[in-house]
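S.K.: Encoded as structure tokens, here's the structure I'll be asking about.
No value in this document is a laboratory result; all are computed from the given coordinates. Being a predicted model, the structure only gives us computed values, none of them experimental. Ideal geometry is used to build each Cβ from the backbone, glycine not excepted, and the neighbour counts take in all protein chains shown.
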Amino acid sequence: MTALRVRNSRIRVSRAVGVAWLTAGIATVVAACGVRPSRITAAPASQSVTLAAARVLRDREGGTDLWPGFDPGAVPYAIFDGARTLLVGHPTPPPEFVPLSGHDGIWAMPGRHPAVVANTNAELAGVATAMALPPGSGTTLRDYVGLLLHEAFHVHQRARHRAWTANEVELFTFPLDDARLLAQRRLETRALVRAGTAASASARGCWARRALHVRRMRFAAMPTGAVQYERALEQSEGLARYVEWRSTRNPALVTLPESDVPAEDVRDRAYRTGVALARLLDATLPTWRDSLTRADTTSLDALLARSIGTTGDAVDDACAFAPDEERAAAERAHVEVDALHARRSARRQAFLDQDGWRVVIHGGSAPLYPGGFDPLNVHRLRGAELLHTRFLVLQNAASRIEVLDRSVLTEGIGPHPLFQGVRTAIMTGLPSEPVIRESEGTVRIEGPGITGTLRGATVTRGPRQVTVTLPRG
């Protein structure tokens, strides 16, 4: 077993079984892996919003109205406004920050602090901190503060509720293209929406039981890891969005379309279903937040089942789906799966057809393993292929290659597309020939977005292509 430490995160990779455990939130991993943001600018209006938000957070006291035990005033905040980084409530501000004149309790430094790479939470000077980039055009102060409270709640979760952490690498093998499971997911969503908009308590309970019944059937046919991933996302991201909604009452945060979301948007759906389950619990079990705080390994759907008095498969025919609904869901699922496969093929072909130089790396007897990657920008293609569109580090005991702000296609060795090792890595569309230096059995490669040191490798050149082959035993 090898282990990769990334700040406070750890991706543990087992070469024998290909199991990976991601023990930090996805945005934290993206930050920890060194993903660099694009150039960010902010208008004076957005800078005024960020300063106003810093004042609100500095002066805020208590947060039990949002979640039991959650104190937003106890969480530090780092806010980049496009020109400077504001720091609020940090117990030991790093030396690059100085007090902001006229604003007690707020520090500032010119430019973007390297730790602030996204709307996320990460450590700054050894302290877990909520972080945000400049607000988008038209973002209100209320909604921007809500976003920061969302990230602050993640800090609270990391300290108090580690059981809610989702293993993001499960998304690489999530059964996205199973039409039967997708049809069930659509029906489950439809029932959740109807439960949330029901005009009476009895109708709400009836449709909630129907949603849970469909979910039990769906989960029974899914891999255990995928089920755990979905539930953990509902607890981590869904509840963070629920806290954000409680602070803002922005209806956009609780929108769950009855038509559901695209097949591959598993994370987005979990944000929405997590909020939907939380609001149903608000209506059926007012003390649920205290209960979940005390027993945080309970899933939201299991807690809802208890609150409405259903633990088996009993459902009311009054809330049955019409035959044409079920038929339409099945037909649509098959169409969507076909479309998903077509999108994957088109993405793959567009990558391979890019004009420019190409670099191909073939693994040898000691395969390459991930040393860092951006899980938000990884796309499944076919078989054991993945397309990384922003950041990837591949390494073994003797070699390492890093790709930044450039796409790279990897083909895995085993059933898992990444964590049992990489057979081949391909980069296309390079605007110029990479520089190759060979010395004392080591190949060094440098090109636009690519750097690598590969020991014992051989290099062959073809028309606008460089192929590097690692040694074989």
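S.K.: Using the Cα centre of the chain as origin and beta-carbon charges of +1 (Lys, Arg) and -1 (Asp, Glu), tell me which of Met222, Ala329, Trp67 is placed farthest towards the positive end of the dipole.
M.R.: Met222
S.K.: In debye, nearest 20: dipole of the stretch 180-271 around its Cα centre with unit charges on the Cβ of K, R (+) and D, E (-)? Spell out each step's value before the answer.
M.R.: Working: 17 positive and 10 negative charges, 92 e Å.
That gives a dipole near 440 debye.
S.K.: On full extension of the chain, what length is gained from Arg327 through Met217, given 0.36 nm per residue of separation minus the C-alpha to C-alpha distance?
M.R.: Values: separation 110, 0.36 × 110 = 39.60 nm, distance 1.70 nm.
Answer, rounded to one decimal: 37.9 nm.
S.K.: Note down the net charge around Arg400, summing +1 for each Lys or Arg and -1 for each Asp or Glu among other residues with Cβ under 11 Å from its Cβ.
M.R.: Values: positive: Arg444, Arg455; negative: Glu402.
Result for the neighbourhood of Arg400: +1.
S.K.: Then there's this: Using the Cα atoms as the points, what is the convex hull volume per residue of the stretch 74-157 in Å³?
M.R.: Details: hull volume 8.1 nm³, N = 84.
Convex hull volume per residue, Cα atoms: 96 Å³.
S.K.: Mean Kyte-Doolittle of at least -0.5 plus a Cα span of 18 Å or more along the axis: flag which DSSP H helices in the chain meet both, please. Write out the running numbers ahead of the final one.
M.R.: Working: long enough: 44-59 (23 Å, 0.21); 141-160 (28 Å, -0.27); 179-196 (26 Å, -0.22); 201-220 (28 Å, -0.41); 266-284 (26 Å, -0.06); 323-352 (44 Å, -0.90).
Taking the DSSP H segments of the chain (at least 18 Å long, mean hydropathy at least -0.5), we get 44-59, 141-160, 179-196, 201-220, 266-284.
S.K.: So, with +1 on the Cβ of K and R and -1 on the Cβ of D and E, and no other charges, what is the size of the charge dipole of the chain about its Cα centre, to the nearest 20 debye? List each step's numbers first, then the result.
M.R.: Details: 57 positive and 48 negative charges, 149 e Å.
Taking the Cα centre of the chain as origin, the dipole is about 720 debye.
S.K.: Another question, then. For the stretch 354-469, what proportion of DSSP beta bridges, expressed in % and rounded to the nearest 5, is antiparallel?
M.R.: 90
S.K.: A further question on this structure: Please give me the summed charge of the neighbours of Val193: other residues whose Cβ is under 12 Å from its Cβ, Lys and Arg +1, Asp and Glu -1. Before the final figure, lay out the partial values.
M.R.: Values: positive: Arg186, Arg190, Arg194, Arg204, Arg210, Arg272, Arg279; negative: Glu188, Glu258, Asp260.
Surrounding charge for Val193 is +4.
S.K.: Per residue of the stretch 353-370, what does 6.51 cos²θ - 1.76 cosθ + 1.60 with θ = phi - 60° give for ³J(HN,Hα)? Whole Hz please, x for Gly and Pro, Karplus curve as stated.
M.R.: Result, rounded to whole Hz: 8, 4, 6, x, 7, 10, 10, 10, 10, 9, x, x, 6, 10, x, 8, 10, x.
S.K.: When the chain is fully extended, how far beyond the present Cα-Cα distance does Asp338 get from Ala201, taking 0.36 nm per residue of separation? Intermediate values should be presented prior to the final figure.
M.R.: On the way: separation 137, 0.36 × 137 = 49.32 nm, distance 3.94 nm.
Computed gain between Asp338 and Ala201 is 45.4 nm.
S.K.: What distance in nm separates the two pseudo spin-label positions at Asp104 and Ser365, each 7 Å out from Cα along the beta-carbon direction?
M.R.: 7.0
S.K.: Which residues does the label zone of Val435 cover in the stretch 442-469, counting backbone N under 16 Å from a point 7 Å along Cα→Cβ?
M.R.: 443-454
S.K.: With the cut-off at 1.5 for a/c, could you classify the stretch 369-459 from its C-alpha gyration tensor as rounded, prolate or oblate? Show your work: numbers first, answer last.
M.R.: Numbers: a/c = 2.06, a/b = 1.38, b/c = 1.49.
Oblate is the answer for the stretch 369-459, as a/c is 1.5 or above yet b/c matches or exceeds a/b.
S.K.: For the chain, what is the calculated [θ] at 222 nm in deg cm²/dmol (nearest 500), taking -39500 (n - 2.57) for each run of four or more DSSP H residues and dividing by its residue count?
M.R.: Numbers: 11 runs with 165 residues, N = 473.
Value at 222 nm, helices only: -11500 deg cm²/dmol.
S.K.: Output wanted: per-residue J couplings in Hz (rounded whole) for the stretch 167-174, from phi through Karplus 6.51 cos²θ - 1.76 cosθ + 1.60, θ = phi - 60°, x for Gly and Pro.
M.R.: Listing the rounded values in order: 7, 4, 6, 4, 5, 5, 10, 5 Hz.
S.K.: Amide H neighbours of Gln465 under 5 Å, counting only residues 5+ apart in sequence or on other chains, H built in-plane at 1.01 Å?
M.R.: Under 5 Å from the amide H of Gln465: Arg358.
S.K.: Equivalent ellipsoid semi-axes for the stretch 80-124, as square roots of 5 times the alpha carbon gyration tensor eigenvalues: give them largest first, rounded to whole Å.
M.R.: Working: eigenvalues 55, 31, 17 Å².
Gyration-tensor ellipsoid for the stretch 80-124: 17, 12, 9 Å.
S.K.: For a quick protection proxy, order the peptides 129-140, 112-123 by their average other-Cβ count within 10 Å, most packed first.
M.R.: Details: 129-140: 18.8, 112-123: 20.5.
Ranking the peptides 129-140, 112-123 by packing returns 112-123, 129-140.
S.K.: Under the classification rounded if a/c is under 1.5, otherwise prolate if a/b is larger than b/c and oblate if not, where does the stretch 234-371 fall, given a ≥ b ≥ c as square roots of the Cα gyration tensor eigenvalues? Walk me through the numbers on the way to the answer.
M.R.: Working: a/c = 2.36, a/b = 1.64, b/c = 1.43.
Here the stretch 234-371 falls in the prolate category.
S.K.: Additional query: Using the basic label-point model (7 angstrom from Cα toward the beta carbon), what is the Arg249 to Asn119 distance in nanometres?
M.R.: 2.1
S.K.: Another one. Quick check on the stretch 99-146: take the gyration tensor over C-alpha atoms, sort the square-rooted eigenvalues as a ≥ b ≥ c, and tell me if it's rounded (a/c under 1.5), prolate or oblate. List each step's numbers first, then the result.
M.R.: On the way: a/c = 1.72, a/b = 1.15, b/c = 1.49.
Since a/c reaches 1.5 but b/c is at least a/b, the shape of the stretch 99-146 is classed as oblate.
S.K.: Continuing with this model, one more query. Report the rotationally averaged projected area of the chain based on its alpha-carbon convex hull, in square nanometres. Mind showing how you got there, number by number?
M.R.: Working: hull surface 98.9 nm².
The orientation-averaged projected area of the Cα hull of the chain comes to 24.7 nm².
S.K.: Moving to a separate point now. With +1 on each Lys and Arg Cβ and -1 on each Asp and Glu Cβ, how big is the dipole of the stretch 168-325 about its Cα centre, in debye rounded to the nearest 20? Intermediate results must be reported in sequence, preceding the final value.
M.R.: Numbers: 22 positive and 23 negative charges, 108 e Å.
Around 520 debye, computed over the stretch 168-325.
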